[in-house]
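Engineer: Supplied in structure tokens, the structure appears directly below.
Derivation of every value follows stated rules applied to the coordinates shown; laboratory data play no part. Just so it is clear, the structure is predicted and the values come from calculations on it, not from any experiment. Counting neighbours? That spans all protein chains shown, and the Cβs are built from the backbone with ideal geometry, glycine included.
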Amino acid sequence: MLTEQSLAAMSAVEMVAGFADGTLSPVQVHDAVQAVIEARESVLNAFWARDPDESRKAALASEGRWAAGEPLGPIDGVPVTLKENVARRGVPMPSGNAGVEPVVPEVDAPITARVVESGGVVLGSTVMPDWGMLSSGVSSRHGISRSPWNPAWTTGGSSSGAGAAAAGGYGPLHVGTDIGGSIRLPGTWLGLATLKPSYGRIPLDTPYLGRCAGPMTRTVADAALFMRVLSRPDPRDWSSLPPQDIDWSVVVDVLDVRGLRVGVHLDAGCGEPCDAEILAAVNRAAAVFEAAGAVVEPVEPFMSQDLLDDLDLFWRVRSWNDFRALAPEAGLRVHPYIIQWCQGGADVPGTRVLQCYQQIMRIQAQTVAATVPYDLVLSPVAPVAAFPAEQPMPFMEDGKTMSHIGFTAPYNMSGQPAATVNCGLTADGRPIGLQFAGRRFDDLGVLRAAAWYERNRPAEAVPRWPDSAPWAPTGEKTTGTTVREGKKRE
């Protein structure tokens, strides 16, 4: 007999198959997921807004559609979470920041609209750190989100709540956003299958240089299934790619990697060097491709410290503009790390900001040039494994703010797709992610390669999800809020 944990932890592909043949019901799945959330949320702190009564109504409606043989779309009845910066009509959007007066959107974002149109059961909005500029689950608004693997470990960020929900068994489909690694960093530190798609592949209502949204799941097949929904066009995103008829279902087909040109990128050229355990795991993954007939070659560093520093300064200026717009008393509520960080962008001359922008164009050019000879580039996602949950960033020393994004941020700037799949564990059990980057717009190729590795990786690289871990709060209590359709409960 299926337990609540096993039902909640089913893949979206399995759920849809069960709905279709009548062996599962959306309400059965919904209630199982809610039971897991109730048992774990006081520790994981993944949600900003959730309304179990409303999501159950959506599950009941889905159950009726399946009974009539009229599902709305490929994810009808499947539980979904959306990051809090993805607009849901009437649900406040504080961007993880206690100093901000939350915007209350009047319309759904394109992503939300596509999910609802496809019958997805939206469980709620997941948390993020202040303005999405911390690579952790630390937020002045929400408190601390914690890893389901071990509550002492970070979730990563800025898609912290989405990552915790995915790894914690809060259903199979979760949406994150990513401007420098915010999907893939939780991916590596939580053992997830994720995709930062090509820039413009998934329409947004607030496009910005390098920003993407994408799926955060436990399996590549689920990520591909979700892309069938998320990548549908929406005219509100003036920067989105033209509609393209991509058959995402072929991700599960057998891929022949013989002759595939695979680059292995082990030195980012900037930031902190990789831990030996992470390099060893990536090399073992590359060996799996080579043993199957792929042509594996090293990729030389194509980033530099000055490029990374100027990208960091560009973001500091952006966040300083947001910070200085706050009333003085509101500014004091912003996380101290963010205050100190964005003050580095105060009063930067326009000529210097333009230099930073030109450096971003250099990142774009150098990333494309270095990777275009390859069908696929494998690399670490981050130079370190999960760090303490209370720590805002992996490296806290002055001058090392963005020392962990040398492998991820280049693909935001170049617009290339990049996915993650777990490829090992450290000696103390922390997940290690493998990044798969592809040529511009080859999202399908990246997911197919990730799915091939997922099927062929050694047993020790397969995540053993902590679905029945006997967690208890550890140390600092979370201070997040819960919103039920806009009504705050402290």
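Engineer: Please give me the summed charge of the neighbours of residue 263: other residues whose Cβ is under 13 Å from its Cβ, Lys and Arg +1, Asp and Glu -1. Don't skip to the end; give the middle numbers.
Structural biologist: Numbers: positive: 261, 439; negative: 267, 290, 297, 300, 375.
Net local charge, residue 263 excluded: -3.
Engineer: Need one word for the chain: rounded, prolate or oblate. Basis is the Cα gyration tensor (sqrt eigenvalues a ≥ b ≥ c); a/c below 1.5 gives rounded, then a/b vs b/c decides.
Structural biologist: rounded
Engineer: Using Cβ counts within 10 Å as a stand-in for footprinting exposure, how do 411, 337, 199 rank, fewest first?
Structural biologist: Details: 411 31, 337 20, 199 23.
In increasing order of surrounding Cβ atoms, one gets 337, 199, 411.
Engineer: Residue by residue, what Karplus-based ³J(HN,Hα) values in Hz, rounded to whole numbers, does the stretch 186-193 have, using 6.51, -1.76 and 1.60 with θ = phi - 60° and x for Gly and Pro?
Structural biologist: Karplus values, whole Hz, x for Gly and Pro: x, x, 6, 7, 10, x, 8, 9.
Engineer: DSSP loop trypsin sites (Lys or Arg not before Pro) in the stretch 75-167 with at most 16 other Cβ atoms within 10 Å of their Cβ, which ones?
Structural biologist: Values: sites: 83, 88, 89, 114, 141, 146; in loops: 88, 89, 141, 146.
Sparse-neighbourhood loop trypsin sites (Lys or Arg not before Pro): 89.
Engineer: Right, next: Order of 332, 225, 82 from fewest to most other C-beta atoms within 10 Å?
Structural biologist: Values: 332 13, 225 26, 82 29.
Going from sparsest to densest Cβ surroundings: 332, 225, 82.
Engineer: How much FRET efficiency would the formula 1/(1 + (r/R0)^6) give for residue 56 and residue 398, where r is the Cβ-Cβ distance and R0 is 56 Å, rounded to 0.05? Before the final figure, lay out each step's value.
Structural biologist: Working: r = 49 Å, r/R0 = 0.88.
The calculated FRET efficiency here is 0.70.
Engineer: Spelling out what I want: for every residue of the stretch 230-237, take phi, set θ = phi - 60°, compute 6.51 cos²θ - 1.76 cosθ + 1.60 (Karplus), and round to whole Hz; glycine and proline get x.
Structural biologist: Result, ordered by residue: 5, 8, 5, x, 8, x, 5, 8 Hz.
Engineer: So how do 341-351, 207-217, 186-196, 154-164 stack up, highest first, on mean other-Cβ count within 10 Å? Intermediate values should be presented prior to the final figure.
Structural biologist: Details: 341-351: 14.2, 207-217: 23.2, 186-196: 32.7, 154-164: 35.0.
Ranking the peptides 341-351, 207-217, 186-196, 154-164 by packing returns 154-164, 186-196, 207-217, 341-351.
Engineer: Starting from the Cα of residue 306, move 7 Å in the Cα-to-Cβ direction to define the label point; list residues of the stretch 258-291 whose amide nitrogen is under 16 Å from there.
Structural biologist: Correct set: 269-271.
Engineer: Under the rule of at least 5 residues apart or a separate chain, name every residue whose amide H is placed under 5 Å from the amide H of residue 153.
Structural biologist: Long-range HN contacts for residue 153: 147, 389.
Engineer: Also: Restricting to lysines 8 or more places apart or on different chains, can you count the pairs in the stretch 4-489 with Cα atoms under 30 Å from each other?
Structural biologist: Total qualifying Lys-Lys pairs in the stretch 4-489 comes to 12.
Engineer: How far is the Cα center of the stretch 166-203 from the Cα center of the stretch 346-412, in Å?
Structural biologist: 17 Å
Engineer: Would you pull out the residues with amide H under 5 Å of residue 423's amide H, same chain only if 5 or more places away, H placed 1.01 Å from N?
Structural biologist: 432, 433, 434
Engineer: With Cβ to Cβ distances under 12 Å as the rule, what net charge do the other residues near residue 290 carry (K, R +1; D, E -1)?
Structural biologist: Numbers: positive: 258, 261, 284; negative: 297.
Once all neighbours under 12 Å are counted, the net charge is +2.
Engineer: Compute the length gained on full extension between residue 38 and residue 106: take 0.36 nm times their separation in residues and subtract their Cα-Cα distance, giving the result in nm to one decimal. Working shown, then result.
Structural biologist: Values: separation 68, 0.36 × 68 = 24.48 nm, distance 2.92 nm.
Here the answer is 21.6 nm.
Engineer: Residue by residue, what Karplus-based ³J(HN,Hα) values in Hz, rounded to whole numbers, does the stretch 58-63 have, using 6.51, -1.76 and 1.60 with θ = phi - 60° and x for Gly and Pro?
Structural biologist: Whole-Hz 3J(HN,Hα) from phi for the stretch 58-63: 5, 5, 4, 4, 5, 4.
Engineer: By counting other Cβ atoms within 10 Å of each Cβ, how are 174, 335, 142 ranked from fewest to most? Walk me through the intermediate numbers first.
Structural biologist: On the way: 174 33, 335 22, 142 29.
Sorted ascending by nearby Cβ count, the order is 335, 142, 174.
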